[in-house]
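Chemist: What follows is a single structure, and I will ask about it in a moment.
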Amino acid sequence: MAHLNLFQELDLLRREVDQAFRGLGRDNRLPSSLLTSFTPRDYPRLNVSEQVDHFEVTALLPGLKAEDIELNALGNTLTLAGERKVGEISNGTWHRQERGYGAFRRTLELPSDIAAEKITASYKNGLLHIHLPKAEELKARKIAIEG
Amino acid sequence: MSAIQTTEKNAATLQRETTYDPQYTIAFAVDIVETDDQLTLIGDLPGVDQRDLDIQIEKGVLTISGLLRLAKEGSDLLREFDEARYYRQFKITESIDTEKTTASFDQGVLTLTLPKAETAKPRKIEIH
């Protein structure tokens, strides 16, 4: 079992190094390694943007069914989970097998709390869009001064 | 890793390959499986609208290209992918019946069915 632990430790180390260097350099987009079965990075790939009253999360998730994607929000964290199932074709000669399959889970921490009950999501062309309004108590409020 | 390296070696000699900036060209992942009747190609092209998807077979080369378009708004907190062009070429044999090729596109997954020409199918010969 010592071997297994060693690999696990190395894997964790590599992830940490990956994480540390993410965003360094000219840009952090790595398009050519997109979604291969060997992708070592967090899956799915995410884009997150912030606006005054909400966050927008976009995930690259090809070939799933909307009902197979699970979204959970708690406080300021969003968890995306699901599984891409293996296709029906199994007989025959495989010339290429590059697409990945299996279960995934990714947790994202946002800079502020989100209103979990107001989250909306849509899934189109393999892109998952999530609209996350910020929690009410965090929004700036104009206070009238009585005089 | 540049797109040239990940594109099919057979097609790399084609001149058109160099007309795209490799930085923004994604060689998308594919599965290709061959049965007695047909070849099936399944490719992941998330974020492509069907209008922006282009599939061509010309001179024995199958070219698949598509555009990943994104609506940009707000300030970025995390950016792991960007607008890009998916592009990949495959050399196909003459035994494919290009007239009967069919394609479907669902949630970013392209399924291309390339039936073999009648003459190319394996035939069992009975001995009487």
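The values are calculated or read from the model by the stated rules, or taken from the named source; none is laboratory data. On a predicted model such as this, the values are computed, not experimentally measured, just so you know. Note that each Cβ is placed from the backbone with ideal geometry, even for glycine, and that neighbours are counted across all protein chains shown.
Yes/no per residue for (1) touching a residue at least 40 places away in the same chain (Cβ under 8 Å); (2) in a strand (DSSP E or B); (3) away from chain B (no Cβ under 14 Å):
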| position | (1), (2), (3) |
| --- | --- |
| A:108 | yes, yes, no |
| A:112 | no, no, no |
| A:117 | no, no, yes |
| A:123 | yes, yes, no |
| A:128 | yes, yes, no |
| A:131 | yes, yes, no |
| A:137 | no, no, yes |
| A:141 | no, no, yes |
| A:145 | no, no, yes |
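Chemist: Using the structure shown, decide if residue A:75 is more than 14 Å from chain B (Cβ to nearest Cβ) and loosely packed, with under 11 Cβ neighbours inside 10 Å.
Modeler: Working: more than 14 Å from chain B (Cβ to nearest Cβ): yes; loosely packed, with under 11 Cβ neighbours inside 10 Å: no.
Spelling it out, it is not the case that residue A:75 is more than 14 Å from chain B (Cβ to nearest Cβ) and loosely packed, with under 11 Cβ neighbours inside 10 Å.
Chemist: With the requirement that a residue be over 21 Å from residue B:109 (Cα atoms) and facing chain A (nearest Cβ under 10 Å), what does region B:45-88 give you?
Modeler: B:72, B:73, B:74, B:75, B:76, B:77, B:78, B:79 - these are the residues of region B:45-88 that are over 21 Å from residue B:109 (Cα atoms) and facing chain A (nearest Cβ under 10 Å).
Chemist: Kindly evaluate residue A:115 against the criterion of being among the small types (Gly, Ala, Ser) and either surrounded by 15 or more Cβ atoms within 10 Å (Cβ to Cβ) or over 14 Å from the mean Cα position of the chain (by Cα) (or both). Write out each step before concluding.
Modeler: Details: among the small types (Gly, Ala, Ser): yes; either surrounded by 15 or more Cβ atoms within 10 Å (Cβ to Cβ) or over 14 Å from the mean Cα position of the chain (by Cα) (or both): yes.
So residue A:115 fits the description; yes.
Chemist: Hey, can you tell me all the residues within region B:33-44 that are under 9 Å from the mean Cα position of the chain (by Cα) and more than 7 Å from chain A (Cβ to nearest Cβ)?
Modeler: B:41, B:43
Chemist: Within region B:22-32, which residues are within 7 Å of chain A (Cβ to nearest Cβ) and in a strand (DSSP E or B)?
Modeler: B:26, B:30, B:31, B:32
Chemist: Here is a list of conditions, (1) surrounded by fewer than 15 Cβ atoms within 10 Å (Cβ to Cβ); (2) more than 21 Å from the chain's Cα centre (by Cα), and residue A:101 meets all of them except one; can you say which number that is?
Modeler: (2)
Chemist: Shifting gears a bit: Can you name every residue in region B:96-109 that is closer than 14 Å to residue B:57 by Cβ and either in contact with a Phe, Trp or Tyr (Cβ under 9 Å, 6 or more places away or on another chain) or within 14 Å of chain A (Cβ to nearest Cβ) (or both)?
Modeler: Selection gives B:96 alone.
Chemist: Still on this model: Looking at region B:39-69, which of the residues that are part of a loop (DSSP other than H, G, I, E, B) and at pLDDT 90 or above is surrounded by the most Cβ atoms within 10 Å (Cβ to Cβ)?
Modeler: Ranking the qualifying residues of region B:39-69, first place goes to B:45.
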